[in-house]
Structure formats: structure tokens, C-alpha cells
1. Given the condition surrounded by 18 or more Cβ atoms within 10 Å (Cβ to Cβ), of a type in the set (Lys, Arg) and within 20 Å of the chain's Cα centre (by Cα), answer yes or no: does some residue in segment 55-69 qualify?
2. Filter segment 47-77 for residues that are touching a Phe, Trp or Tyr at 6+ places or on another chain (Cβ under 6 Å) and within 11 Å of the ligand (Cβ to nearest atom); which is farthest from HIS264 (Cα to Cα)?
3. For segment 62-78, what are the residues that are in a helix (DSSP H, G or I), of a type outside the set (Lys, Arg) and touching a Lys or Arg at 6+ places or on another chain (Cβ under 8 Å)?
4. With respect to VAL262, is the statement that it is among the hydrophobic types (A, V, I, L, M, F, W, C) and more than 17 Å from the chain's Cα centre (by Cα) true?
5. Report, by residue number, each residue of segment 37-62 that is in contact with a helix residue (DSSP H, G or I) (Cβ under 7 Å, 6 or more places away or on another chain) and farther than 24 Å from SER80 by Cα.
6. Being farther than 22 Å from ILE192 by Cα, within 14 Å of the chain's Cα centre (by Cα) and part of a strand (DSSP E or B) is the filter here, so list the residues in segment 105-157 that pass it.
7. Just to be sure I understand the filter: pairs with C-beta atoms under 8 Å, separated by 6 or more residues or on different chains, first member in segment 187-213 and closer than 15 Å to TYR177 by Cβ, second member aromatic (Phe, Trp, Tyr). Which pairs pass?
8. What pairs can you find where one residue is in segment 137-153 and more than 17 Å from GLY291 (Cβ to Cβ), the other is within 16 Å of the ligand (Cβ to nearest atom), and their Cβ atoms are less than 9 Å apart, with a gap of 6+ or different chains?
Amino acid sequence: MLKGRSLIEPGNFSIEEMDSLFTLAEKIESDEHHLRECCRGKLLATLFFEPSTRTRLSFEAAMLRLGGNCLGFADPGSSSAVKGESLADTIRMAAGYADVIVMRNPKEGAALLASRYSPVPVINAGDGGHHHPTQTLTDLLTIRRLRGAVKNLTVGFCGDLKFGRTVHSLAKTLAYYENITMVFISPEELVIPEYITRHLQKLKIEFSETRNLEESMPRLDVLYMTRVQRERFFNEEDYIRLKDIYVLNAERMSLGKEELIVLHPLPRVNEIAVEVDDDPRAAYFRQAKYGMYVRMALLSSIMGVI
Ligand code: CP
């Protein structure tokens with residue numbers, strides 16, 4: 001069903017297609033031999049023009065666990081991009097060597113452009129402050145695993161909602177699920193972009209915007225914390241002023257429901273105190289591992305080997 005398809009932004013895959021991926025990811029998680037070797041002979045190119053730990057390593061782990069192989073770069077400084085090679089030409093090269101391309105790039109729209117030049121599927125691993133659709137697959141699989149289903153939930157998003165591509169992709173996608181209410185918690189300078197709120201209004205999704213994390217805590221089923229991203233600020237003073245505006249600590253966790261789950265795409269800096277890691281409601285490290293399973297499901301489906 002997903003054979004040969006690219007994944008650039010939310011909406012490229014239907015809810016049914018994503019649900020099939022989650023079912024497959026759950027099967028892989030419960031049986032480590034499931035789909036082993038199904039990608040033997042396949043090559044994944046990972047082109048990372050921005051730093052990454054989880055996305056790149058989980059994609060590479062996924063392809064290796066499926067029996068395939070990987071090539072690519074983690075630092076554009078080691079590629080011919082530093083000599084002035086265009087993205088279009090880089091993609092043409094990678095597509096000649098590999099069967100599927102995963103790319104992260106600081107420019108919004110870069111993945112879409114790449115897909116137009118690539119004869120092989122392109123997966124967007126983050127394009128600037130725009131979208132990060134495979135993080136959304138990770139987030140939804142985590143909610144499904146830990147809450148039973150993605151429905152009837154109040155989801156709070158906290159931190160940098162302006163530049164947070166994981167927030168944009170997840171909020172847009174959650175809008176298609178049943179009975180989801182969203183609470184956007186951010187400072188004035190980092191509010192959720194209008195193109196997202198317009199999308200929610202169009203779909204008649206209930207949402208609110210607030211500055212106050214404490215007040216929001218008691219009503220949340222899922223709290224999605226995010227980092228204030230230094231790399232997206234033009235001005236260091238603004239970053240320093242805003243970076244520690246929300247810190248989730250044990251005291252604030254005491255305001256949350258017993259069945260709350262706390263997610264974070266990671267990396268975290270100060271926005272979740274280390275003391276929260278021992279709280280059973282802290283799910284962010286489990287979330288990162290689900291990311292590998294869902295990427296195994298994604299790669300095997302896109303490669304058409306299942
Ligand atoms: N969640 C995420 O995108 O993490 P990395 O930046 O480490 O890939």
C-alpha cells in the first residue's frame with residue numbers, strides 16, 4: 001500500500017495507513033524476528049544537513065535490523081554541499097546509489113523539493129521549523145501503546161510551539177482522530193503558528209492557548225513537552241530569556257492525573273527536570289524506542305517487501 005511512496009508531511013498517509021504501520025510496529029516489537037532480513041540487498045541513504053541522534057540512529061538501526069544497509073552523512077561539512085553542490089544534485093546522486101532517502105535539512109520545504117528530484121522515495125526527517133512526520137508516527141504509536149487508543153484525549157503541547165516542527169506535525173495529524181482536545185502552552189513569542197490553528201478551526205477541533213502550565217496540568221491526558229530551540233533564534237538574548245520559561249519538575253507533576261503520559265521528542269535541555277525521569281508517567285525514553293519500531297514498519301512498507 002505504501003510501496004514507493006514518499007513521506008514529506010502530515011496528510012501524505014491516511015489514518016488507516018498509519019494504523020496499519022502501528023499494527024506492524026507492534027508486531028515487530030513483540031517478535032524481534034518478525035521482518036528480519038526482509039530488506040536484504042536494500043540501501044538507505046541518510047542525508048543529515050542538521051544534527052540528530054534519535055532520528056538518524058533509529059532509521060539506521062531500523063534498516064540494519066531489517067537486513068538492509070545504510071550510507072550517508074551526519075554532517076553536511078563532510079559532503080560536497082560545502083563546495084556549493086545544490087540540494088537537487090545531491091539528491092540525484094543519492095537516489096542513484098540508494099533505494100530510499102531519509103533527509104533532514106534546516107530549510108522549510110527542502111524535503112518536498114528533494115522528492116521532486118528523486119526517483120526513489122524520500123522521507124522527511126525534519127525540514128526547518130516546518131514538519132517532522134516520522135516523529136509524529138513515533139508519538140502516535142507511543143500514545144496508542146500507553147493509552148490504548150488515540151481518541152478521547154486532552155493533549156497539552158508546551159514550550160516552543162512556533163518553531164517546533166514535531167508539534168506542528170503532531171497537532172495537524174491529531175486533528176483527524178476522534179474527540180481530541182488540544183491545549184497550547186507557550187510564551188507569547190513562541191505561540192503555535194496560525195496555519196496550524198486555521199487547520200484546527202477548519203476541522204472544528206476544540207483547542208485553547210495559554211501561558212500557564214500549572215493551571216493546565218490537571219486536565220491533561222498527554223503532555224507533550226518541547227525544547228526551546230537555540231538554533232532557530234536570530235537573537236541570543238531572546239533565547240536566554242525564554243529558554244527556561246517552562247520546567248516540568250516533580251512539584252508540577254504532582255498536579256497531573258495518575259494516568260497522564262509525558263512525551264518529549266528529545267533532546268531535552270532543562271525543560272524536564274531529571275527527577276521526573278523516575279516518574280512512571282514519564283514516557284519519553286520509551287517513546288524514542290518506539291521510534292525505531294515504527295521506522296522499521298515504515299521502511300519495510302515503503303520498500304514493498306511485506
Ligand atoms: N526527536 C528528534 O528528532 O531527535 P533528534 O534531533 O536527535 O533526531
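1. yes
2. Top of the filtered list is ALA74.
3. Listed by number, the residues that qualify are ALA62, MET63.
4. Judged against the criteria, VAL262 is not a match.
5. Within segment 37-62, CYS38, CYS39, ARG54, SER58, ALA61, ALA62 qualify.
6. Passing the criteria: only ILE123.
7. LEU200/PHE207; LEU203/TYR176; PHE207/PHE184
8. From residues that are more than 17 Å from GLY291 (Cβ to Cβ), the pairs are ALA149/ILE143; LEU153/ILE143.
Bear in mind these aren't lab numbers, they're just calculated from the coordinates by the rules spelled out. Predicted, not measured: the structure shown is a model, and the values here were computed from it. Positions of Cβ are backbone-derived with ideal geometry, glycine not excepted, and every protein chain shown enters the neighbour counts.
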